[in-house]
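Each remark here refers to the structure printed beneath this line.
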Amino acid sequence: MDLSIPSSFSVSEIFPSSRSLSPPSFQKLRLFPFIYDSNLKSRNFPTRSLFCRQNRLSLRAQTSNGALNDGFVLEDVPHLTDFLPDLPSYPNPLQSSQAYAIVKQTFVAPEDAVAQKIVVQKDSSRGVHFRRAGPREKVYFTPEEVRACIVTCGGLCPGINTVIREIVCGLNYMYGVNDILGIEGGYRGFYSKNTVTLTPKVVNDIHKRGGTFLRTSRGGHDTHKIVDNIQDRGINQVYIIGGDGTQKGADLIYKEVEKRGLRVAVAGIPKTIDNDIAVIDKSFGFDTAVEEAQRAINAAHVEVESVENGVGIVKLMGRYSGFIAMYATLASRDVDCCLIPESPFYLEGPGGLFEFIEQRLKENGHLVIVIAEGAGQEYIAQSTRTNDERDASGNRLLLDVGLWLSQNIKDHFVNVRKMQVNMKYIDPTYMIRAIPSNASDNIYCTLLAHSAVHGAMAGYTGFTVGPVNSRHAYIPIARVTEAQNTVKLTDRMWARLLASTNQPSFLNSDDGETVEVRKDKMKINST
């Protein structure tokens with residue numbers, strides 16, 4: 001029996017009577033078995049039942065021979081009615097919106113789900129799904145009672161201002177909300193800074209600027225103080241823009257709000273230029289970063305091909321994940337070697353980086369190396385005996401691998417190989433972080449912001465938004481912070497890069513050990 005499904009589907013296709021269910025009703029549906037009426041379809045169609053366990057909706061299909069096949073799993077997001085069951089609902093203002101009057105289907109069905117895994121085999125389970133993002137027929141806030149706030153935390157990233165602008169405009173234009181506050185200076189701004197009133201006029205052109213209109217900071221998260229401030233100010237919608245640590249903080253805020261029984265929707269918008277947020281297809285600002293990185297790579301290429309034995313090193317962002325370096329390398333075609341945190345490398349010996357550089361210099365007279373900032377940190381730590389220092393967010397402070405690599409290459413070729421090399425080192429990190437988002441990211445940021453607004457107005461809370469298989473979905477905050485997205489060295493994309501640059505894979509060192517063994521030894525020695 002074929003149980004395969006498309007990446008975006010409606011449970012109402014299986015359960016026609018569930019089409020009219022509101023979110024609270026759907027919550028009830030998850031608690032009681034629902035037996036499919038075979039008279040509605042073919043009598044040979046399998047009986048299906050729904051059950052809920054720890055906020056997951058599972059659909060099991062029983063075949064005609066009695067075998068049980070695990071299928072549909074919904075990793076659902078919390079709803080305000082989970083802890084405020086008597087909360088009233090209201091018709092969505094979009095029903096009378098002139099803009100949405102042309103839309104054939106204005107509202108997303110409450111049962112619509114998006115599949116996390118789009119490629120399945122005939123006999124495989126349907127797997128994990130997330131609730132589809134978008135406007136709902138019923139909302140749990142009236143425009144007059146909404147007091148929303150927006151906060152940005154962590155490092156800079158192209159597109160933050162676009163997200164801020166579109167949350168404000170989305171709340172105002174689509175839902176008639178006029179009371180919107182901007183929290184200045186990150187999480188600590190809740191209890192140590194003033195707020196700024198945000199209107200469509202105030203944020204009209206901020207998307208043309210880099211950085212964040214609300215300013216940002218790292219650390220400063222005190223859950224109780226933040227929720228106290230939310231409660232004191234009468235805020236009932238909180239939009240939090242930030243990366244992994246920020247989203248963990250958002251999850252703590254939601255849990256404290258639930259514990260106190262407050263009617264407050266907490267929505268996260270994931271932000272990381274490194275593209276290391278799990279589950280979602282990509283994070284905003286990534287496309288802009290890759291595009292801007294091309295300028296630095298091109299500059300390095302021009303420099304090194306204009307001199308004898310030119311060696312250019314471009315350091316790009318990527319603390320734990322090398323996505324920017326990998327995609328910029330693939331897009332450039334001028335890069336000879338790409339080094340990322342996920343793929344350890346070694347300098348000396350057969351198959352090492354020094355040997356590769358010498359070979360390329362003899363062939364072409366120059367080469368360009370792209371290196372992610374988090375690559376080779378264990379080598380630098382071992383050579384410099386540097387302490388494991390961390391920033392206010394708890395992130396390990398990285399040493400400048402670009403300068404370290406430049407110096408090691410120069411020392412090796414001048415002192416050991418007796419070869420003169422012309423080193424060119426470019427670090428465009430802050431130039432990339434500080435620019436406005438490009439057209440692609442601007443559109444993406446708009447969709448993220450509007451999805452967050454629709455979700456909060458519909459009463460969902462403790463969720464983050466993002467595209468899953470190109471369909472925007474509501475994802476439990478804890479789900480996107482449980483692990484970091486990294487480059488898979490066994491995937492085809494990394495294989496494409498190796499084929500494009502023709503660089504060594506650095507699988508074995510000069511003494512025959514695997515690089516992973518060498519890396520583990522370095523970690524032991526450095527401690």
(message) Let me confirm something: among 269, 297, 235, which residue is touching a residue at least 60 places away in the same chain (Cβ under 8 Å), assigned to a strand (DSSP E or B) and β-branched (Val, Ile, Thr)?
(response) 269
(request) Out of 147, 188, 132, report the one residue that is not polar (S, T, N, Q) and not assigned by the TED database to the domain that holds residue 244. (result) 132
(message) Can you find, within the range 267-310, the residue that is most open to solvent (accessible area, probe 1.4 Å) among those that are under 20 Å from residue 354 (Cα atoms) and touching a helix residue (DSSP H, G or I) at 6+ places or on another chain (Cβ under 6 Å)?
(response) 309
(message) Can you say whether residue 278 is closer than 24 Å to residue 341 by Cβ, assigned by the TED database to the domain that holds residue 456 and not aromatic (Phe, Trp, Tyr), as far as the supplied structure shows?
(response) yes
(request) Within the range 397-420, track down each residue that is closer than 17 Å to residue 337 by Cα and either in contact with a helix residue (DSSP H, G or I) (Cβ under 6 Å, 6 or more places away or on another chain) or surrounded by 18 or more Cβ atoms within 10 Å (Cβ to Cβ) (or both). (result) 401, 402, 404, 405, 406, 408, 409
(message) Can you say whether residue 320 is over 19 Å from residue 357 (Cβ atoms), without any contact (Cβ under 8 Å) to a residue 60 or more places away in the chain, out of contact with any Cys (no Cβ under 6 Å at 6 or more places or on another chain) and of a type in the set (Phe, Trp, Tyr), as far as the supplied structure shows?
(response) no
(message) Return the residues of the range 76-120 that are more than 23 Å from residue 176 (Cβ to Cβ) and modelled with pLDDT under 85; say none if nothing qualifies.
(response) 120
(request) Inspect the range 354-363 for any residue being aliphatic (A, V, I, L, M), over 24 Å from the mean Cα position of the chain (by Cα) and modelled with pLDDT under 95 and give the result as yes or no. (result) no
(message) List the residue pairs whose Cβ atoms are under 6 Å apart, where the first residue sits in the range 98-118 and is of a type in the set (Phe, Trp, Tyr), the second is open to solvent by less than 20 Å² (accessible area, probe 1.4 Å) and modelled with pLDDT of 90 or more, and the two are 6 or more positions apart or on different chains.
(response) 100/94; 107/135; 107/136
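The values are calculated or read from the model by the stated rules, or taken from the named source; none is laboratory data. Just so it is clear, the structure is predicted and the values come from calculations on it, not from any experiment. Heads up, the Cβs are rebuilt from the backbone with ideal geometry, glycines too, and the neighbour counts pull from every protein chain shown. Note: accessible area is taken over every heavy atom of the protein model, side chains too, but ligands, DNA and RNA are not part of it. Shrake-Rupley method; radii C 1.70, N 1.55, O 1.52, S 1.80 Å.
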